[in-house]
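S.K.: Just passing along the structure, written as structure tokens.
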Amino acid sequence: MKRRIVALLLVLLVGSWAIPRAQAAEDFTLDGGELGFSLTVPGLPAEEIAVEIQGHTVTQRHRPSQTGSWGGLLCVLEVVEPRSRLFSGEYDSGAYAVVAMGRDRVILRRALTGVDSGEETMADYLAAADALDLAVLRQQVKMDAPDVLPAVNAGRAYLTAGGAVRPGEMLTRGELAVMLWTLLDGEKLSPPETAAFTDTAEGDCAQAAETLASYGVVTGYGDGTFRPDRGVTRGEFAVLLHRFQFAAPMGQYGDRAVEDRFSDMAAGHWASAHLCSAVSAGWLRGYGDGTLRPDQGVTRAEAVTALNRVLGRSCQGAAVAPELENPFADVDGAFWGYADLLEAAGRLTVDIPRQGDRPLPEGTAVSWFVDEACGFAAAGKQLLRTTDGGVTWTPAAELPTGQVGELFFFDGETGLLCGADDQGRPVLLATADGGVTWEDLLTAGAFAAAELPVEQFPDQNSALTAVQAVHLRPAGGKQVYVDLLYRPYESIYPTEDGLRVHWQRLVSREIAAGYLSAAEKP
């Protein structure tokens, strides 16, 4: 009898568990068929999603919200085939972000969604939209013939050291292709199965040009040639600075069109949008006579300097150690771009006090030694100090933030610290009393007004909101680069994967102290 009761209970338990499992909503699945991809989103109910495929466009809507002019629009995917069409003009705006890369195609997500069905379905609509955001799609979209999505390796050396660097000569298409291919970890990318150009010999130039062309980054001419020895104009260079990052030119705020800022920019210049973006981002600069010279060739030194700015490795003003061996035969320390050329070749060393092989307190996140004896260390929310080279450490002060990124002290009193506050917002803290008191320069006003690109935003507060991270990079023992990584103001589309710009400022002790003094004023 007991066995029968136990068996009956087991049946009831299994049955009560199986019923809701059988009734559980199926996950949304999309079979792209001839479009060459599939998509499954766990946790997104299939019955809530309506899919429409027209040509190479896949539109997904939230069924309960299909009213009004927007019709519950959730996500629009575009299949670009072949993938070399990516920058043909049809898809190279901020409205698109790359989801997945295939051997013969690329999947894009269009930043265009909307609902106007009222509050009744809003919560479910927002949940569905989150389930189809860019990060999820990149994980869940499966290509039938997948390939690598190129990513910039910002720390790579991309200029050959040794011999003549020819800083004043015009950069050629072949040379630029090799630089960009190197920064994209070209060895990891898949070259096309058939050659696209008839005039590229074997070697790095051929592999770079062929591979980048298959991704749409560079293009050839109608006769099937690449013309690697042809020079690159500043306008062409501005376009390629965006393409190799797979980013559209940044939007601009206000009416200061590039044609109005430079006397030689004709209205409707073919590269005006990219030139304006490159100038606004600080990659390219005009000349002292008020010209931008878009059709003039870009020199090798100008190109290296601009690429370093893109990568957050700008070195203008950096201290080059006098004993550093010069790897170039035709340039020396007096040349305006010497430090940037060294950085691009992976040969730059800055003159800073010895930082390695020092005893540090337990739990140290970051540290900085002003000289052989004086040093600081951040451990948790505590700042510690040494005056004997790290043999002994004593508490100096409580830190206002526990998320510390980098630390830099100009001397034993004045220093900078970057990181994030308890809400994850970036901070740039400065002290003039050895860390006892700190001031956030980002919110103090004077620093932001002078150092942030506030003219590119509606107001200073929106410029501050755009800052996503702050980093410190020593430019010698007495100067430091403050690297502000920010998302530009977009005048048309708020993109999930838009351009992110390094805005670097060289800060000395005097500059930091000046901003601290300004912050202390009522």
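The values are calculated or read from the model by the stated rules, or taken from the named source; none is laboratory data. Just so it is clear, the model here is predicted, and its values are computed rather than measured. When we count neighbours, we look across all protein chains shown, and the Cβ atoms used for this are built from the backbone with ideal geometry, even at glycine. Keep in mind that these areas ignore ligands, DNA and RNA; they rest on the heavy atoms of the full protein, side chains included. Shrake-Rupley method; radii C 1.70, N 1.55, O 1.52, S 1.80 Å.
S.K.: In the neighborhood of PRO167, defined by Cβ-to-Cβ distances under 9 Å, what is the net charge if each Lys or Arg adds +1 and each Asp or Glu adds -1? Mind showing how you got there, number by number?
M.R.: Working: positive: ARG166, ARG300; negative: GLU169, GLU302, ASP330.
So the environment of PRO167 carries a net charge of -1.
S.K.: OK, next. Using just the Cα positions, wrap the range 384-522 in a convex hull and report its mean projected area in square nanometres, one decimal place. Intermediate results must be reported in sequence, preceding the final value.
M.R.: Values: hull surface 37.4 nm².
With the hull built on Cα positions only, its mean projection is 9.4 nm².
S.K.: Whose amide H sits under 5 Å from the amide H of ASP147, counting only residues 5 or more places off or on another chain, with H placed in the peptide plane?
M.R.: Answer set, sorted by chain and number: MET101, GLY102, ARG103.
S.K.: Could you check how much of the accessible area of the range 280-337 is carbon and sulfur, as a whole percent, using a 1.4 Å probe? Provide the component values of the computation, followed by the final result.
M.R.: Details: 1140 of 2330 Å².
Its accessible area is 49 percent carbon and sulfur atoms.
S.K.: Let me ask another. Rounded to the nearest whole Å³, what is the per residue volume of the convex hull around the Cα atoms of the range 427-501? Numbers along the way, then the final one.
M.R.: Values: hull volume 7.7 nm³, N = 75.
Hull volume over Cα atoms, normalised by residue count, gives 103 Å³.
S.K.: Output ³J(HN,Hα) for the range 468-476: one whole-Hz value per residue in order, computed from phi by the Karplus curve 6.51 cos²θ - 1.76 cosθ + 1.60 with θ = phi - 60°, and x for Gly and Pro.
M.R.: So the Karplus estimates, Gly and Pro as x, are 9, 6, 10, 10, 10, 9, x, 10, x Hz.
S.K.: Something else now. Can you work out the Karplus-derived ³J(HN,Hα) for every residue in the range 66-77? Use 6.51 cos²θ - 1.76 cosθ + 1.60 with θ = phi - 60°, whole Hz, and x for glycine or proline.
M.R.: 7, 9, x, 6, 7, x, x, 4, 9, 7, 10, 9
S.K.: Nearest 20 debye, what's the magnitude of the dipole of the range 353-410 about its Cα centre given +1 on Lys and Arg Cβ and -1 on Asp and Glu Cβ? Write down the numbers at each step before the final one.
M.R.: Details: 4 positive and 7 negative charges, 20 e Å.
Its charge dipole is roughly 100 debye.
S.K.: Compute, for the chain, the length of the dipole vector about the Cα centre, with Cβ point charges of +1 (Lys, Arg) and -1 (Asp, Glu) only. Units Debye, rounded to 20. Let's see the in-between values first.
M.R.: Working: 42 positive and 69 negative charges, 203 e Å.
It comes to approximately 980 debye.
S.K.: Here's something else I'd like to know. Considering only the other residues whose Cβ falls under 15 Å of the Cβ of ASP421, what net charge follows from Lys and Arg at +1 and Asp and Glu at -1?
M.R.: Details: positive: LYS381, ARG425; negative: GLU398, ASP422, GLU439, ASP440.
Once all neighbours under 15 Å are counted, the net charge is -2.
S.K.: Evaluate the Kirkwood expression for the hydrodynamic radius of the range 184-283, namely the inverse of the mean inverse distance over all pairs of different C-alpha atoms, and round to one decimal in Å. Numbers along the way, then the final one.
M.R.: Working: mean 1/r = 0.0655 Å⁻¹.
About 15.3 Å, per the Kirkwood formula over Cα pairs.
S.K.: How high is the relative contact order of the range 370-426, given as a whole-number percent (alpha carbon pairs under 8 Å, six or more residues apart)? Don't jump to the answer; show the numbers that get you there.
M.R.: Values: 96 pairs, mean separation 14.7, N = 57.
Over the range 370-426, the number comes to 26 percent.
S.K.: How much length, in nm to one decimal, is gained on full extension between ALA266 and LEU134, taken as 0.36 nm per residue of separation minus their Cα-Cα distance?
M.R.: Length gained between ALA266 and LEU134: 43.8 nm.
S.K.: Also: Please report the accessible area of CYS374 (heavy atoms, 1.4 Å probe, ligands and nucleic acids excluded) in Å², nearest 10.
M.R.: 20
S.K.: Also: How big is the accessible area of THR198 in square angstrom, nearest 10, if you roll a 1.4 angstrom probe over the protein chains?
M.R.: Using a 1.4 Å probe on the heavy atoms, I get roughly 110 Å².
S.K.: Now, a different point. Using a 1.4 angstrom probe on the protein heavy atoms only, line up HIS269, HIS62 by accessible area, largest first.
M.R.: On the way: HIS269 30, HIS62 0 Å².
These residues rank, largest area first, as HIS269, HIS62.
S.K.: Same structure again: Just the Kirkwood number for the range 52-198, please: inverse of mean 1/r across all distinct Cα pairs, in Å, one decimal.
M.R.: Values: mean 1/r = 0.0544 Å⁻¹.
Mean inverse Cα-Cα distance, inverted, gives 18.4 Å.
S.K.: Next question. So, in nm, how far is label THR57 from label GLU202 when the simple model puts each one 7 Å beyond its Cα toward the Cβ?
M.R.: The answer from the label model is 4.7 nm.
S.K.: What do you get for Rg/Rh of the range 333-444 when both radii come from the Cα atoms and Rh is the Kirkwood radius? Before the final figure, lay out the partial values.
M.R.: On the way: Rg = 15.7 Å, Rh = 15.1 Å.
Rg/Rh: 1.04.
S.K.: Compute, for ILE53, the solvent-accessible surface of its heavy atoms (probe 1.4 Å) with the complete set of protein chains present, and express it in square angstrom to the nearest 10.
M.R.: For ILE53, the solvent-accessible surface is approximately 80 Å².
S.K.: Relative contact order of the chain, please, whole-number percent, based on alpha carbon pairs below 8 angstrom and at least 6 residues apart. Intermediate results must be reported in sequence, preceding the final value.
M.R.: On the way: 998 pairs, mean separation 56.0, N = 522.
Contact order relative to length: 11 percent.
S.K.: Please state, as a whole number in µm²/s, the translational diffusion coefficient that the Stokes-Einstein equation yields for the range 278-365 at 4 °C and 1.567 mPa s, with Rh defined as the Kirkwood radius across alpha carbon pairs. Intermediate results must be reported in sequence, preceding the final value.
M.R.: Numbers: Rh = 15.4 Å.
Calculated translational D: 84 µm²/s.
S.K.: Around LEU74, with a cut-off of 13 angstrom between Cβ atoms, what is the net charge of the other residues, counting Lys and Arg +1 and Asp and Glu -1? It would help to have the intermediate numbers written out before the result.
M.R.: On the way: positive: ARG61, ARG63, ARG109, ARG110; negative: GLU48, GLU52, ASP124, ASP130, ASP133.
Counting the neighbours of LEU74, the net charge comes to -1.
S.K.: Let me ask something additional. Quick one: which residues, 5 or more positions from GLY405 or on another chain, have an amide H under 5 Å from its amide H? H modelled 1.01 Å from N in the peptide plane, none for Pro or chain starts.
M.R.: CYS418, GLY419, ALA420
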